[in-house]
Amino acid sequence: YENKDPAVPRDTTTPWALAHVRHQGGEQASLAGASGTRLWDRTGTIVVQVYTRAGDAFRKNDVICQAIRDGFQGYTTPGGVWFRNPRVEELGVEGPWFGTNVLVDFLYTEIL
């Protein structure tokens, strides 16, 4: 949960990850019709932070991050969430961990 500190594993041989959904904005995409409803485009980014042991786990980190990236690449949910621009950004070493972010932008239309 966002409002709690993550339970960082003491065992540095086990990879771990944190996932966050960050809404970034929205804009009106249509005028109101006879029903009074409008379309709103909503955007955001999914951030998955992946950590593996520093020093010898770069390959393991790469495999995990590519799997997460590829899981979003080119997909749309049945509800109409469109995933775009999946990418991997290395953070570097943080204590005993090597950190990497997988970022995926998303877009969906809301009817209000």
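The values are calculated or read from the model by the stated rules, or taken from the named source; none is laboratory data. Note that the structure is a prediction, hence the values are computed from the model and not measured. Don't worry about glycine lacking a Cβ; one is built from the backbone with ideal geometry, like all the others, and counts go over all protein chains shown. Heavy atoms of the whole protein, side chains included, go into the accessibility calculation; ligands, DNA and RNA do not. Shrake-Rupley method; radii C 1.70, N 1.55, O 1.52, S 1.80 Å.
Computed quantities for the displayed model
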{"item": "Subset of region 9-33 (residues that are among the polar types (S, T, N, Q), open to solvent by less than 70 Å² (accessible area, probe 1.4 Å) and over 11 Å from Arg53 (Cα atoms))", "result": "Ser30"}
{"item": "Residues (free of Cβ contacts under 8 Å to residues at least 60 places away in the same chain and in a strand (DSSP E or B)) located in region 29-60", "result": "Val47, Val48, Gln49, Val50, Tyr51, Thr52, Arg53"}
{"item": "Residues satisfying the stated conditions in region 61-104, i.e. in a strand (DSSP E or B) and in contact with a Pro (Cβ under 8 Å, 6 or more places away or on another chain)", "result": "Val102, Leu103, Val104"}
{"item": "Members of region 82-99 found to be more than 15 Å from Arg59 (Cα to Cα), within 14 Å of the chain's Cα centre (by Cα) and open to solvent by 80 Å² or more (accessible area, probe 1.4 Å), listed by number", "result": "Trp82, Arg84, Asn85"}
{"item": "Hits in region 42-71 - residues which are buried (at least 16 other Cβ atoms within 10 Å of the Cβ), of a type in the set (A, V, I, L, M) and within 18 Å of Arg84 (Cα to Cα)", "result": "Ile46, Val48, Ile68"}
{"item": "Pairs with Cβ under 7 Å, 6+ apart, first in region 82-97 and within 21 Å of Ala7 (Cβ to Cβ) and free of Cβ contacts under 8 Å to residues at least 60 places away in the same chain, second surrounded by 15 or more Cβ atoms within 10 Å (Cβ to Cβ) and among the small types (Gly, Ala, Ser)", "result": "Leu91/Gly99; Val93/Ala54"}
